[in-house]
Amino acid sequence: MMRRIVVVGNGIAGLTACDSLRSAGFDGELTVVGAERHHPYSRPALSKALLHGGSGSGDGGLRAHELPEPGHEATELLGVSATGLDVEARRVLLDGGDELPYDGLVIASGSRARRLTAGPGRDGAPRELTLRTIEDAVHLRERVASRPSVIVIGGGPLGMEVASGCLHMGCEVTLVSDGLPLVRQLGDYLADLFTTAAVRQGLRVVGGGKARLVDDGDRARVVLADGTVLEADLVVTAVGDEPNIGWLAGSNLLADGALRVDSRGRVRPEIVAAGDVAFFPTRLGVQRVPLWTSAIDQAKVAAVGLLKGEAAPEFNFQPYFWTEGFGLALKAVGFTPVQGAPDYCERGGEEGSELLRWSNADGSGTAAAVNFRIPIPKLRRLADADPAGAGMAAPRPAATARV
Amino acid sequence: MRIELDRPRCEGHGLCEEAAPKLMHLDDDGELVIDVAEVDGPELDAAKAAVRVCPVAALRLAAA
């Protein structure tokens, strides 16, 4: 009988797990441990609305990340980190020395920004900024306000969103990307669309291999593997994230340094995990998918998995991804990256507005809307079925789809 | 409580509709329509869930 459930992590995965436990009928004692001092907030908004502040709804985007007060009536321990886990005794160890006993545990400790440097520079100031928390976002926004020259390292969605935000604020921006930006996440067609728009808006894109930061006085210096040297006032790195699993080191829950769950979010019968921290089975294999809707969907599954075990429904992961920048807004349903040109393209009313679909090698579909307003359920239907079946217009040959 | 929408902020992700399909939906143009704005009881929980999943905080609950 589960009377006490502890949730480690107070991001959207932890919050959703709490809500889902309550709506599944759990009325016992619920405790949430959150390393950040805030109630949960929207992380995707930090690199989008916050950096693009000044347009939109009048508050400069500064409140775009706010979520309403939670209603799950859990005991919240905010600003407290879990430092260890005793699986046999069923206790979570906290950084003040306290211990939390549990009958059920939800691991939702998230991830942190991966960094290129280990510590601060010679003057004690950080050599690289990263963007992960609300504090990071506010700090970055302050630094960017004086319009410094900026080097962004990392050609993924976060790096591109930061670059777009800095350009929007009037900075001169250089993006260091190993290969075409976004190609690893989205595939060549969409990556080309975004990169073309970015370059047109003034982004300088530089390849040259692995980047290294050199501490050299006032200006930040970046040296690439091919010898290229870049200098700017500010360096922002967006080179991926690392799961927060240090506190699980002695728990025997990790396999090859990774936390894996089954199709119901379970690590063990009394321990589930969800969100950026967890590797979970998808139809394309076991993956970690550190994205907003992935965290929400995993947490819903894990909460029920914890309460009902084998009777809980299995997770059927349906990817949903969005990004924006350089005047483009993309929403995509289905697995990415997608290969080659789309096999269906519908043009919207505005210039650059496109609704696209790819048939993937495994038989699934991926649908993407670029500057195209469409209800997401309809985008899902387009991904799931061929356009004819979804009541769409006949596909045009891809070669003539883009002009 | 009353569901309030900050329309310029809404990007049409539709996660709110998935959380509370009886209270709101995206129309054919991807614009969010609040079908039931005044909520209490069990509907209030659905409304809260909808407000919370919005990644751009376009929804709010205000005292009716």
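The values are calculated or read from the model by the stated rules, or taken from the named source; none is laboratory data. Note that the coordinates shown come from a computational prediction; the quantities given were computed from them, not determined experimentally. Positions of Cβ are generated from backbone atoms using ideal geometry, with glycine treated the same way; all protein chains shown enter the neighbour counts.
Of note:
- Residue in the range A:329-338 that is more than 30 Å from A:V261 (Cβ to Cβ), surrounded by 23 or more Cβ atoms within 10 Å (Cβ to Cβ) and not charged (D, E, K, R) present: no
- Every condition in (1) surrounded by 21 or more Cβ atoms within 10 Å (Cβ to Cβ); (2) over 26 Å from A:G25 (Cα atoms); (3) in contact with a Pro (Cβ under 7 Å, 6 or more places away or on another chain) is met by B:G30 except one, and the failing one is (1).
- So B:L15, is it facing chain A (nearest Cβ under 9 Å) and over 21 Å from A:P44 (Cβ atoms): no
- Here A:N252, A:N244 are screened, and the one residue that is surrounded by fewer than 20 Cβ atoms within 10 Å (Cβ to Cβ) and either polar (S, T, N, Q) or within 22 Å of A:R141 (Cα to Cα) (or both) is A:N252.
- The set of residues in the range A:62-108 being farther than 27 Å from B:L5 by Cα, of a type in the set (G, A, S) and assigned to a loop (DSSP other than H, G, I, E, B) consists of A:A74, A:G79, A:S81, A:A89, A:G96, A:G97, A:A108.
Let's see how each residue does on (1) outside any helix (DSSP H, G or I); (2) among the small types (G, A, S); (3) at pLDDT below 90; (4) touching a strand residue (DSSP E or B) at 6+ places or on another chain (Cβ under 6 Å):
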| site | (1), (2), (3), (4) |
| --- | --- |
| B:E4 | yes, no, no, yes |
| B:C10 | yes, no, yes, yes |
| B:K22 | yes, no, no, no |
| B:A49 | no, yes, yes, no |
| B:R52 | no, no, yes, no |
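- Of all residues in the range A:319-329, those satisfying the criterion of being away from chain B (no Cβ under 11 Å) and in contact with a helix residue (DSSP H, G or I) (Cβ under 7 Å, 6 or more places away or on another chain) are A:T323, A:G325, A:F326, A:G327, A:L328.
- Subset of the range A:376-402 that is under 28 Å from A:T196 (Cβ atoms) and modelled with pLDDT of 50 or more - its residue that is surrounded by the most Cβ atoms within 10 Å (Cβ to Cβ): A:L382
- Residues that are aliphatic (A, V, I, L, M) and out of contact with any Ser or Thr (no Cβ under 7 Å at 6 or more places or on another chain) within the range A:83-139 comprise A:A89, A:V92, A:L105, A:V106, A:I107, A:A108, A:A118, A:A125, A:L129, A:I134, A:A137, A:V138, listed in sequence order.
- Scanning the range A:193-231 for residues that are touching a strand residue (DSSP E or B) at 6+ places or on another chain (Cβ under 7 Å), assigned to a loop (DSSP other than H, G, I, E, B) and of a type in the set (G, A, S) returns A:G208, A:G209.
- Among residues of the range A:254-289 being in contact with a Ser or Thr (Cβ under 6 Å, 6 or more places away or on another chain) and in a loop (DSSP other than H, G, I, E, B), the one that is nearest to A:P40 (Cα to Cα) is A:D276.
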